[in-house]
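To start, the structure itself, in structure tokens.
The values are calculated or read from the model by the stated rules, or taken from the named source; none is laboratory data. Please read these numbers as outputs of a predicted model, since none were measured by experiment. Counting neighbours? That spans all protein chains shown, and the Cβs are built from the backbone with ideal geometry, glycine included. Ligands, DNA and RNA are excluded from the accessible area calculation, which covers all protein heavy atoms including side chains. Shrake-Rupley method; radii C 1.70, N 1.55, O 1.52, S 1.80 Å.
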2 protein chains.
Amino acid sequence: MTIGTDRRPSKRERTLAALVEHGLDLFERRGYDATTVAQIARAAGVTEMTFFRYFPAKEHLLLDDPYDPQLTAAIASQPSDLRPFVRAARGIRAAWRSLPEPETPIIRRRVRIIAQTPSLRGAMWRNTGNTERAIVEQLVADGASPDVARVAAASVLAALVAGLFLWAEEERTTLADAIERALDVIEADA
Amino acid sequence: MTIGTDRRPSKRERTLAALVEHGLDLFERRGYDATTVAQIARAAGVTEMTFFRYFPAKEHLLLDDPYDPQLTAAIASQPSDLRPFVRAARGIRAAWRSLPEPETPIIRRRVRIIAQTPSLRGAMWRNTGNTERAIVEQLVADGASPDVARVAAASVLAALVAGLFLWAEEERTTLADAIERALDVIEADA
DNA sequence: GGCATAATGTTAGTGACTCACATTTTGCAG
DNA sequence: CTGCAAAATGTGAGTCACTAACATTATGCC
């Protein structure tokens, strides 16, 4: 019988928040590579070991991507007579257009750090592996050849990531806008 | 006053060859992650330290990419009234079409290992950073906007890499062919 | 207020990589 | 072929990310 809608956050939620907050802070101030997991843990009042109970690796403090379901749904709802490449691109457009605005500031902090850190750019790519697989499955389910689907997914995702990086650096545009522009580069017709 | 055109390889060349050979062998037999740098060094009759004198990191035994100059040249020679995206794609086509056949077997061994190892897929992407920068510079030098150039380069390179992976796994096609097909997915017109 | 359980800590170890310094090999000049 | 500078390699110690087994403490609920 809870009284209000907001209760005191559990300890787990609090340490998670502390790790994320101090992690981002240290990354921004000293750089990702120069920041040690032990330092983050210490700042959050916790042990190195505990950090790894919350994140499987240092880089996962920055890499999340829980957007796959919306993405594949958006691709699925594109007309299936389009070429896989165009279909995937339009799906991504639609998916990001409906991204809630309030989330973007934190995304920007994260993406900016990633964009500035070579080792993380690679990590990001590895991380999109799941998203790529999801897109491929969706395209294949609608009749595309597996080979074609894989190339299309990889290429479109690369454009998306490139757009994200530009947005994080540029400051003045909105996320949806940056992504639209990135995909325009790839799709001949507007 | 050297007599013939081929001389005894220097010690440096011999240890380098030994490291590459035993490294590829171990990676193929036991897997990349399960293979230790110490094991490779030992198999090559050398110390772990020596390995790192030849390669800045374990992954660099597989990642080379000395193809940038030919690539940018090929892009430069594409008609400059094309959109940057199409220009980059056609340039890559041209560049790989002229790749010497004899080199492809060793490339295939390497790419196959990379394609099968998630951590290396990321490393590969990080590694293409230089190539991407080179392409961007070339496109910008010919009048493209930096933002557009970056998206185009990233996207086209992703298609290239996807094509490489497919080729490495499929066995039956030729390299140039696989890349042509990959780029066809991306370029509307053939 | 007590107790199951979740959260955290401890210790020890592996593997990639770095650095400072010592030793051996190689190739070439005399 | 002798010797010697430079190149190649070795040694030992250390850092950091990450893992695993086991001990301890804190939380929240009855």
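Per-structure values
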| read-out | value |
| --- | --- |
| Helix runs (DSSP H) in chain A reaching 30 Å along axis by Cα, Kyte-Doolittle at least 1.0 | A:146-170 |
| Computed lengthening from residue A:43 to residue A:187, 0.36 nm per intervening residue step minus Cα-Cα distance | 47.2 nm |
| Accessible surface buried upon A-B contact (total; probe 1.4 Å; Å², nearest 100) | 2300 |
| Residue with peak Gaussian network fluctuation, chain B [Cα springs, cutoff 10 Å], from B:154, B:57, B:134 | B:57 |
| Simple Cβ-charge dipole of the stretch B:11-60, Lys/Arg +1 and Asp/Glu -1, about Cα centre, in debye nearest 20 | 220 |
| Charge context of residue A:39, other residues only, Cβ under 14 angstrom, K/R +1, D/E -1 | -1 |
| Approximate spin-label separation residue B:63-residue B:133, in nm, with each point projected 7 Å along Cα-to-Cβ | 1.3 |
| Residue-normalised accessible area of the protein assembly as shown, given per residue in Å² at a 1.4 Å probe | 51 |
| Residues losing 30 Å² or more accessible surface upon assembly, the stretch B:134-155, compared with the chain by itself, 1.4 Å | B:147, B:150, B:151, B:155 |
| Positive minus negative residues near residue A:101 (Lys, Arg vs Asp, Glu; Cβ under 14 Å) | 0 |
| Carbon and sulfur %, accessible surface of the stretch A:1-108 computed with the full protein complex present, 1.4 Å | 54 |
| Rounded Å value of the spacing that divides the Cα centres of the stretch B:23-55 and the stretch A:65-123 | 38 |
| Shielding by partners - mean other protein chain Cβ count within 10 Å, residues of A:156-163 | 6 |
| 7 Å along Cα→Cβ, label-point gaps from residue B:14 to other copies, nm, shortest first | 6.6 |
